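*Asks:* Okay, handing you the structure first.
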């Protein structure tokens, strides 16, 4: 069981780990040992997450969210399978913990009169500069 917070704990049946060979340098060892970890969390079917948390998790996970509602986390940072497994679980826990926090509602504000005036003054100054860049008449 993976404990996220006091109220959220992920059961073992919701997590599927698959070990594959890692890419990149590593000499002969990389061709023999399956150290890369692919952790799959069935988020959409999880009874421990509320629908709001699932929606935020889907947005935070981005392309790690699969079409069938699972979160895929692939780790091949170290040459140790056990350490990669720990890192994958930590990243999943951080992702779920971030999804539990409700974002603050943005309070819409209006621009001040002084900022409107500054903006218009800058626009007119730029317009003047650009109009002076035109071709010079040869009559003068």
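Quick note: the coordinates plus some simple rules give every number you see, no bench work behind them. Just so it is clear, the structure is predicted and the values come from calculations on it, not from any experiment.
*Asks:* Three principal axis extents, largest first, for the C-alpha atoms of the range 2-100, in Å?
*Replies:* Result, largest extent first: 46, 27, 21 Å.
*Asks:* Provide the gained length on full extension for the span residue 133 to residue 50, in nm with one decimal, where the gain is 0.36 nm per separating residue minus the Cα-Cα distance. Please report the intermediate quantities before stating the final value.
*Replies:* On the way: separation 83, 0.36 × 83 = 29.88 nm, distance 6.07 nm.
Result: 23.8 nm gained on full extension.
*Asks:* Connecting C-alpha atoms closer than 10 Å in a GNM of the chain, tell me which of 50, 100, 112 has the biggest fluctuation.
*Replies:* Maximum fluctuation in the GNM of the chain, among the listed residues, is at 112.
*Asks:* In whole percent, what relative contact order does the chain give with Cα contacts below 8 Å and a gap of six or more residues?
*Replies:* Numbers: 149 pairs, mean separation 29.0, N = 140.
Reported relative contact order: 21 percent.
*Asks:* Something else about it: Compute a Gaussian network model of the chain, connecting alpha carbons closer than 10 Å, and tell me which residue from 21, 125, 40 fluctuates the most.
*Replies:* Of the options given, 125 has the highest mean-square fluctuation.
*Asks:* Right, here's the next one. May I ask you to compute the full-extension gain from residue 63 to residue 124, defined as 0.36 nm times their residue separation minus their alpha-carbon distance, rounded to one decimal in nm?
*Replies:* Details: separation 61, 0.36 × 61 = 21.96 nm, distance 4.47 nm.
Full-extension gain reported as 17.5 nm.
*Asks:* Pick from 79, 91, 104 the residue whose mean-square fluctuation is largest in a GNM of the chain, springs joining Cα atoms under 10 Å.
*Replies:* Answer for the Gaussian network model of the chain: 104.
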